[in-house]
Amino acid sequence: MVGLPARGKSFIAQKIVRYLSWLSIKSRCFNVGTYRRQAGASHPNAEFFDVDNKEAYKIRQQAVTSAVDDMMRWFEDEDGVVAILDATNSTRDRRQWVLKLCRENGIEPMFLESWCDDQDLVLRNIADVKTTSPDYKGVDPELATTDFLQRIAQYERVYEPLDDKKDGDLTFVRLINVAQQVVINRIETYLESRIVFYVMNLHIKPRCIWLSRHGESIYNLEKKIGGDSSLSARGLQYAQRLPDLVRQSAGDADLTVWTSTLIRTQETAQHLPYKQLQWKALDELDAGVCDGMTYEEIEDKYPEDFKARDEDKYEYRYRGGESYRDVVIRLEPIIMELERQENILIITHQAVLRCIYAYFMNVPQEESPWMSIPLHTLIKLEPRAYDTKVTRIKANIPAVSTYKEKGTSRVGEATISSTSSCNMLTGAPEAV
């Protein structure tokens, strides 16, 4: 990463890691600020970042050296594919140092600069950083803003942006005012081009994404999977209640509703007074020959398949149907469009929501098929620079549980797995 503070670098870095990890490309971010805080500079003021502050410079240099050393070990010991060095890397000398180290270790670097002169955007980023960055934990907001602006001024003294003439031999991308203009130089590999296409779709404006399963369906009551059944009486109650839940959470925000093409999601959205779009890609995971069956029937008729799915639920593909990996692949265009948009409400199905939620929360793929996403619950996601805030709003309308634990054909959430990814959807609102 390259750029001045408050340009959304950490946000972009985390998004890239989440996107690539979601696609099962082994990725990791090495944030130099984290290493600097570990070295003892946990709440530095702006003077700490003065280039003439020799003692502070030693600590900052130690931090970036430690981050790069860990990055190299990660490539070597854990077969890493994409590492992101999240720092300002604001001078040409620093970038040449990184370039040399990478190429000596057989790693090809790509520089991604977030350049911004939109002061309104910078101030919005500062407002986000001062409330989420560990550097300003417990600091008065006004003091934090003043200090952060002074920190930016220290970096501006030495900042050397990427230049297509001076840096023409480098592989780089320049995002100007997020994605208002994009400059691309020497992009040569498929993976590089995929990252470029992804970041071209990003924006860092504040926005919210709401997720909801359809209301309880007739098939849910009958414990059947798949199908295209209508809502039950309680599911229809949820559809009537949903507009109030959305208004309570979204206020007067303008939003768009996305649904699958199946009856139960469209019935759930029928009372919502917003623009609605149907996406075939949001249809539920195809259960193939098991469509319309209960888990007990599947276990009885296809015992080997039932066991194989429990052993590797993410990779297992139903006979004539899909796996969770297949769902992720068809959801990629949805994710790209979702990143381009601002406020979106998605009404879809359990497996699809697990995949979408895993993307935003960076949940490991092997855990995502086991997350609990209950019926009649509206989930609000607020992506921020350092985390994503999650709020759950229950409709207080009873519904059956469709959660199946590993090793059983019974459904119900009496003893949900204790992993954090499962518990994430059952407690009080929290930032993760």
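The values are calculated or read from the model by the stated rules, or taken from the named source; none is laboratory data. Keep in mind the model is a prediction, meaning the values are calculated, not measured. Note: ideal-geometry Cβ built from the backbone for every residue, glycine included; neighbour counts use all protein chains shown. Remember, those area values only see protein heavy atoms, side chains included, never the ligands or the DNA or RNA. Shrake-Rupley method; radii C 1.70, N 1.55, O 1.52, S 1.80 Å.
Which count do you get for residues in the stretch 77-93 that are closer than 15 Å to Phe30 by Cβ and in contact (Cβ under 8 Å) with a residue 24 or more places away in the chain? Counting residues in the stretch 77-93 that are closer than 15 Å to Phe30 by Cβ and in contact (Cβ under 8 Å) with a residue 24 or more places away in the chain gives 11. Of all residues in the stretch 333-375, exactly one satisfies the criterion of being of a type in the set (D, E, K, R), closer than 26 Å to Val196 by Cβ and open to solvent by less than 10 Å² (accessible area, probe 1.4 Å), namely Glu339. Filtered by the rule that a residue be part of a helix (DSSP H, G or I), of a type outside the set (D, E, K, R) and out of contact with any Cys (no Cβ under 7 Å at 6 or more places or on another chain), the stretch 293-305 gives Tyr295, Pro303. The lone criterion from (1) in a helix (DSSP H, G or I); (2) crowded, with 16+ Cβ neighbours inside 10 Å left unmet by Ala41 is number (1).
Out of all the residues in the stretch 77-100, is one or more hydrophobic (A, V, I, L, M, F, W, C), assigned to a loop (DSSP other than H, G, I, E, B) and surrounded by fewer than 20 Cβ atoms within 10 Å (Cβ to Cβ)? The answer is yes, given that some residue of the stretch 77-100 is hydrophobic (A, V, I, L, M, F, W, C), assigned to a loop (DSSP other than H, G, I, E, B) and surrounded by fewer than 20 Cβ atoms within 10 Å (Cβ to Cβ). Meeting the requirement of 2 or more residues that are in contact with a helix residue (DSSP H, G or I) (Cβ under 6 Å, 6 or more places away or on another chain) and either modelled with pLDDT under 95 or more than 29 Å from Thr388 (Cβ to Cβ) (or both), no helices (runs of 4 or more DSSP H) wholly within the stretch 185-292 can be named.
The set of residues from the stretch 259-276 being open to solvent by 40 Å² or more (accessible area, probe 1.4 Å), in contact with a Leu (Cβ under 6 Å, 6 or more places away or on another chain) and hydroxyl-bearing (Ser, Thr, Tyr) comprises just one member, Tyr274.
Yes or no: Ala144 among the aliphatic types (A, V, I, L, M), in contact with a helix residue (DSSP H, G or I) (Cβ under 7 Å, 6 or more places away or on another chain) and free of Cβ contacts under 8 Å to residues at least 24 places away in the same chain? It is true that Ala144 is among the aliphatic types (A, V, I, L, M), in contact with a helix residue (DSSP H, G or I) (Cβ under 7 Å, 6 or more places away or on another chain) and free of Cβ contacts under 8 Å to residues at least 24 places away in the same chain.
Only one entry in Arg60, Arg28 is within 24 Å of Glu104 (Cβ to Cβ), open to solvent by 50 Å² or more (accessible area, probe 1.4 Å), of a type in the set (Lys, Arg) and within 25 Å of the chain's Cα centre (by Cα), namely Arg28. Candidates Tyr57, Tyr35: the one that is more than 22 Å from Ser114 (Cα to Cα), hydroxyl-bearing (Ser, Thr, Tyr) and out of contact with any strand residue (DSSP E or B) (no Cβ under 9 Å at 6 or more places or on another chain) is Tyr57. The residues of the stretch 376-393 that are open to solvent by 10 Å² or more (accessible area, probe 1.4 Å) and either under 11 Å from Leu211 (Cα atoms) or free of Cβ contacts under 8 Å to residues at least 12 places away in the same chain (or both), listed by number, are Lys380, Thr391, Arg392, Ile393. Among the residues of the stretch 125-137, at least one is surrounded by fewer than 14 Cβ atoms within 10 Å (Cβ to Cβ) and within 29 Å of Thr388 (Cβ to Cβ). Is it true that Phe49 is in contact (Cβ under 8 Å) with a residue 24 or more places away in the chain, under 27 Å from Ala144 (Cα atoms) and either surrounded by 15 or more Cβ atoms within 10 Å (Cβ to Cβ) or out of contact with any Leu (no Cβ under 8 Å at 6 or more places or on another chain) (or both)? Criteria met by Phe49. Report, by residue number, each residue of the stretch 151-210 that is among the hydrophobic types (A, V, I, L, M, F, W, C), without any contact (Cβ under 8 Å) to a residue 40 or more places away in the chain and closer than 17 Å to Asn89 by Cβ. Across the stretch 151-210, the qualifying residue is only Val183.
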